[in-house]
Amino acid sequence: MSGLVELGATAAVAELRAGRVTPLELVEAAIERIERLDPLVNAVPIRCFDRARAHARSLMQGTAPAEPGRGWLGGLPIVVKDLFEVEGVRTTYGSPIFAEHVSEVTDLHVGQLEANGAIVLGKSNTPEFGAGANTFNEVFGATRNPWNTALTCGGSSGGSAVALATGMAWLADGSDLGGSLRTPAAFCGVVGLRPSIGRIMRGPASRRFQTLTVNGPMARDVADLALMLDAMSGTSLDDPLAAEAPAMSFAAAARMPPRLQRVGFSADLGGFVPVDPEIARLAGQAAARMAELGAAVIENRSPDFGPAREVFEVLRAAHFAAEKAPLLEAERDKLKPEVIWNIERGLALTADEIGWAERERSLIQARVAAYFREHDLLLCPAAIVPPFPVELRYLEALGEHRFPTYIDWVAVTYAITLSGCPALSLPCGFTEAGLPVGLQLVGPPQGEARLLAAARALEEVLAVGSARPIEPRSPLAGA
């Protein structure tokens, strides 16, 4: 069983298709791993093991392993973020308000994954309503970083990242508003992709035309990430923004030699964010190795993100007010302070403020588009600091710089959110304390194929991912 959890997702699917392993054997291997390790990290608090076993048996009694009926994943177990509905399974959104809620529907992208042969093992932990980049809530508590269990795993897709890093699942999903796929991937040494708007279906959603939050895949390496992106892709009448899957699969695109001429690197996005010196050094060293792939690496080259901090604060606040204002009125005493602040900030906005932010966002996108006319990729850190103590709700300061809100320490990712570009966090090294560091690779809008090919090639050059999956490490073990 232990050998099965050490397989990558692509290798596990190959074993499934060859008939050398069954979906039920993979389910049992994952269950054993979850039951043994999750008490140390609290990544998968909601479990639907009987449902997973029944689904595995159903697949085994149906189509043959190599038949199309098994889809992209062929019976591979996954975990789903606890912001997403799975019919018949508890979904809390990390909130005491929904602590006992059991879903009656399944989210569109989860249904797509199941149609493509995924088996849902359980739900991964998330901060309340995905608000914040440290995974804790009043329902299940905090999720801990497996590289050092005294530290945060990031958020808001923290439970998914930890499940992957520890081998409790082969693939996991997440969502990303300001960095919720990329930050935990960086902190846990896995790969997380924020796709382009419309690449992955969303919903059923109350706001079907919003363009800040996207759903996306997480995996232990780029090939596995591309495989999951294929399994998640598709369209639905219930998502008017969802795009058709491309003619070439993402798995195939990831195997293509990258065609890179110029890539830009900026540790601080042109002075937009402060960065821990060790993170800046390690990210810069990794970016420089793009030269080994034939690219000219242009140092200190970034688009101008202008007033992105103010723009994001306004648009995020409007987003929270639009979605959560009724909860503030009905259940204020059960909401965490950061969510209350976000909703109230949104309710206090004027039409002029929202209009200004929308216009400025378009100007940011125009400058980013101009950048990609001259560069193939933008490289920068995926997180500006290493993981910090799990007890801190958020990072309040870096050196002499104090962050004005609970979300501003992830400005290096939310600036990219505003651009609408796909962005991927790739493990690129370790700090002196042995903590993983992520390099953020950003491609042009709808440029996932280019991004995946470059990330896969750089991953091979860097060769830092062979340590996964890991057993959780206590502070003494990590010292």
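The values are calculated or read from the model by the stated rules, or taken from the named source; none is laboratory data. What you see is a predicted model; the values in this text were computed from it and never measured. Backbone-built Cβ (ideal geometry, glycine too); neighbour counts: all protein chains shown.
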### Query
E28: over 30 Å from A243 (Cα atoms) and out of contact with any Ser or Thr (no Cβ under 8 Å at 6 or more places or on another chain), yes or no?
yes
### Query
Among the listed residues A455, A369, which satisfies the condition of being touching a residue at least 60 places away in the same chain (Cβ under 8 Å) and either buried (at least 19 other Cβ atoms within 10 Å of the Cβ) or in contact with a Pro (Cβ under 7 Å, 6 or more places away or on another chain) (or both)?
A455
### Message
Looking only at the range 202-225, count every residue that is touching a helix residue (DSSP H, G or I) at 6+ places or on another chain (Cβ under 9 Å), surrounded by fewer than 24 Cβ atoms within 10 Å (Cβ to Cβ) and either outside any loop (DSSP other than H, G, I, E, B) or among the hydrophobic types (A, V, I, L, M, F, W, C) (or both) and tell me the total.
### Response
3
### Task
State the number of residues belonging to the range 341-359 that are surrounded by fewer than 15 Cβ atoms within 10 Å (Cβ to Cβ) and either in contact (Cβ under 8 Å) with a residue 40 or more places away in the chain or among the aromatic types (F, W, Y) (or both).
1
### Query
So which of G111, G155 is surrounded by 24 or more Cβ atoms within 10 Å (Cβ to Cβ) and either without any contact (Cβ under 8 Å) to a residue 40 or more places away in the chain or in a loop (DSSP other than H, G, I, E, B) (or both)?
G155
#### Entry: Residue that is surrounded by the fewest Cβ atoms within 10 Å (Cβ to Cβ) [pool: residues in the range 393-431 that are within 21 Å of the chain's Cα centre (by Cα) and assigned to a loop (DSSP other than H, G, I, E, B)]
R393
### Query
Which of the residues spanning the range 290-327 are among the basic types (K, R), assigned to a helix (DSSP H, G or I) and surrounded by fewer than 22 Cβ atoms within 10 Å (Cβ to Cβ)?
R309, K324
### Query
Only one of these conditions is not met by G88: (1) modelled with pLDDT under 95; (2) in contact with a Cys (Cβ under 8 Å, 6 or more places away or on another chain). Which number is it?
(1)
#### Entry: Residue among G447, G443 that is surrounded by fewer than 19 Cβ atoms within 10 Å (Cβ to Cβ), within 26 Å of M248 (Cα to Cα) and touching a residue at least 60 places away in the same chain (Cβ under 8 Å)
G447
### Message
Kindly evaluate A131 against the criterion of being more than 23 Å from T183 (Cα to Cα) and surrounded by 23 or more Cβ atoms within 10 Å (Cβ to Cβ).
### Response
no
### Query
Of all residues in the range 459-479, which are part of a helix (DSSP H, G or I) and under 19 Å from the mean Cα position of the chain (by Cα)?
E459
## Note on the structure
Among the residues of the range 88-97, the number that are surrounded by fewer than 20 Cβ atoms within 10 Å (Cβ to Cβ) and of a type outside the set (K, R) is 3
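Okay, residues lined up against (1) hydroxyl-bearing (S, T, Y); (2) modelled with pLDDT of 95 or more; (3) surrounded by fewer than 17 Cβ atoms within 10 Å (Cβ to Cβ):
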{"site": "M256", "(1), (2), (3)": "no, yes, yes"}
{"site": "R262", "(1), (2), (3)": "no, yes, yes"}
{"site": "S266", "(1), (2), (3)": "yes, yes, no"}
{"site": "V275", "(1), (2), (3)": "no, yes, no"}
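Residue-wise test of (1) of a type in the set (S, T, N, Q); (2) out of contact with any Pro (no Cβ under 6 Å at 6 or more places or on another chain); (3) closer than 21 Å to A223 by Cα.
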residue: P387; (1), (2), (3): no, yes, no
residue: P404; (1), (2), (3): no, yes, no
residue: Y414; (1), (2), (3): no, yes, no
residue: L418; (1), (2), (3): no, yes, no
residue: P427; (1), (2), (3): no, no, yes
residue: V437; (1), (2), (3): no, yes, yes
residue: V442; (1), (2), (3): no, yes, yes
residue: L462; (1), (2), (3): no, yes, yes
### Task
Please enumerate the residues belonging to the range 96-108 that are more than 23 Å from G198 (Cα to Cα) and outside any helix (DSSP H, G or I).
A99, E100, H101, V102, S103, E104
### Task
Return the only residue of E6, E32, E15, E28 being under 25 Å from P472 (Cβ atoms), of a type outside the set (A, V, I, L, M, F, W, C) and crowded, with 16+ Cβ neighbours inside 10 Å.
E28
### Query
Which one is surrounded by the fewest Cβ atoms within 10 Å (Cβ to Cβ) among residues in the range 158-190 that are assigned to a strand (DSSP E or B) and under 8 Å from the mean Cα position of the chain (by Cα)?
S175
### Message
Anything in the range 114-132 that is assigned to a loop (DSSP other than H, G, I, E, B) and hydrophobic (A, V, I, L, M, F, W, C)? List them, or say none.
### Response
A131
## Note on the structure
If you go through G111, G154, the only one that is under 25 Å from I343 (Cα atoms) and within 19 Å of the chain's Cα centre (by Cα) is G154
### Summary
Within the range 259-289, residues being among the small types (G, A, S), farther than 17 Å from H375 by Cβ and not in a helix (DSSP H, G or I) number 1
